[in-house]
Amino acid sequence: MLGHLKAEEFIDAIEGSGLSEGGRAHLESCAVCAERLRSARAMQLAVMDDSDVPEPDWNEFRGSVRTELLSRAIQRESAVRRWTGWPIRPAMAWTICFLLLVCLSAGTWYWHLSNEAAVAKTVVEETIDNSDDPMVWATSTSFFDELSTLEEPQVERLRLLLESAPKSVLARQ
Amino acid sequence: MDTSLAGSLPMTSHQSDADAALVDRYLSGDMPAFDELMIRYERQIYRVCYRFVENRDDAMDLAQEVFIKAFEHLPSFRRESSLKTWLYRIAMNHCINHVKKHSQEFVEVSEFTGSVNPSIQSHLEEQEKRDHLRRLLKHLPPKQKAILEMRINEQLSYEEIATMSGRSISTIKASVFFALEKLRKLVKEPGKQG
């Protein structure tokens, strides 16, 4: 016989949730559909399990869920901290390296400058102290300033020096 | 147990509102809301899990995993369906995955039980028949079994099952009917199991 009931129509019939007029008429006249309906209904009753499901201790169950949630939250938080720490660490290392380099360069430069100045000062002092040549005086300090500060014996000595010098040397100077 | 399933109704809006309020409280850090949510649904979710594994300890583990997954994803719960439907969906998917992952173990059990001579089935006690049927249920595809259990033993409405599985109501009804037919065949011809 054509036009058998559809699966959902069987369910409507089993559950009494309203089979159409045509469906009901078909069921009355079709032995195949009637048999399928009967066996499906029997199976539905058999599948119904009214046996007691053994229940756990609900307080313990709730406690275990809460504990597990908390431990996962802590794990997640520490994992997040670990992951955010990673990009910072190289940046911090680079910054420290850069600062060290700047400090070292500045230190070296300062040391070099102060060393150079000390050497120059020593050389000038040594040159002035050890030289009797008046030209050294003239090059290192202002000649006329020095002349104005000379005392009587030094002025006399300078005058004698100039008079004793050959004329050609003085003319060349 | 009432054998008529026509009476099972979708969740009322009052329950749904209460759930939404509890979810809001939990998300704002109110820990008693956690207990209230658990008390509301722990039995139902545990029962669903038990239907799949039929073992108290395994069902507890499964239910615990379901709740952990649910609470962890609660901030992303979009409230397009009720909390109950959402929880059942998580439970159903989790249990189906569990069954798929451990299908070998289930096959081994059923191979053993399949060796029972069918000729003596008529003499088995009521409980034994029921146990046998429960074992046969394991031969259904996991999704089909889940739908059948949700409807017949958890008495969820077709609308709820359709929402949680993302299928139409007629597909769910058809799935229930074909599952019943397949079971009937398995009972009649035990050799065709698996």
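The values are calculated or read from the model by the stated rules, or taken from the named source; none is laboratory data. Quantities reported herein were computed from a predicted structural model and do not represent experimental measurements. Note: ideal-geometry Cβ built from the backbone for every residue, glycine included; neighbour counts use all protein chains shown.
Of the residues making up segment B:134-146, at least one is modelled with pLDDT under 90, among the basic types (Lys, Arg) and either part of a helix (DSSP H, G or I) or in contact with a strand residue (DSSP E or B) (Cβ under 9 Å, 6 or more places away or on another chain) (or both). Residues considered: B:Tyr50, B:Tyr46. Of these, the only one that is modelled with pLDDT of 95 or more, under 12 Å from the mean Cα position of the chain (by Cα) and among the aromatic types (Phe, Trp, Tyr) is B:Tyr46. Answer with yes or no whether B:Leu5 is within 12 Å of another protein chain (Cβ to nearest Cβ), modelled with pLDDT under 90 and out of contact with any Gly (no Cβ under 8 Å at 6 or more places or on another chain). Criteria met by B:Leu5. Restricting attention to segment B:62-86, the residues that are within 21 Å of A:Arg76 (Cα to Cα) and of a type in the set (Asp, Glu) add up to 2. Residues that are of a type in the set (Asp, Glu) and surrounded by fewer than 17 Cβ atoms within 10 Å (Cβ to Cβ) were ranked within segment A:38-72; the one that is farthest from the chain's Cα centre (by Cα) is A:Asp50. Restricting the first member to segment A:9-27 and to residues that are under 15 Å from B:Ile169 (Cα atoms) and within 7 Å of chain B (Cβ to nearest Cβ), and the second to residues that are at pLDDT below 85 and surrounded by fewer than 19 Cβ atoms within 10 Å (Cβ to Cβ), the beta-carbon pairs closer than 7 Å and six or more apart or on different chains are A:Glu15/B:Ala6; A:Ser17/B:Ala6. Only residues that are within 7 Å of another protein chain (Cβ to nearest Cβ), assigned to a helix (DSSP H, G or I) and among the β-branched types (Val, Ile, Thr) were counted in segment A:36-71, giving 2.
Put simply, of B:Glu54, B:Glu80, B:Glu65, B:Glu72 the only residue that is facing another protein chain (nearest Cβ under 10 Å) and farther than 30 Å from B:His139 by Cβ is B:Glu72. Looking only at residues in segment B:156-192 that are among the polar types (S, T, N, Q) and part of a helix (DSSP H, G or I), the one that is nearest to the other protein chains (Cβ to nearest Cβ) is B:Ser170.
Conditions (1) modelled with pLDDT of 75 or more; (2) surrounded by 10 or more Cβ atoms within 10 Å (Cβ to Cβ); (3) small (Gly, Ala, Ser), marked per residue:
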{"site": "A:Gly85", "(1), (2), (3)": "no, yes, yes"}
{"site": "A:Leu99", "(1), (2), (3)": "yes, yes, no"}
{"site": "A:Ser105", "(1), (2), (3)": "yes, yes, yes"}
{"site": "A:Asn115", "(1), (2), (3)": "yes, yes, no"}
{"site": "A:Val119", "(1), (2), (3)": "yes, yes, no"}
{"site": "A:Val124", "(1), (2), (3)": "no, yes, no"}
{"site": "A:Pro134", "(1), (2), (3)": "no, yes, no"}
{"site": "A:Ser142", "(1), (2), (3)": "no, yes, yes"}
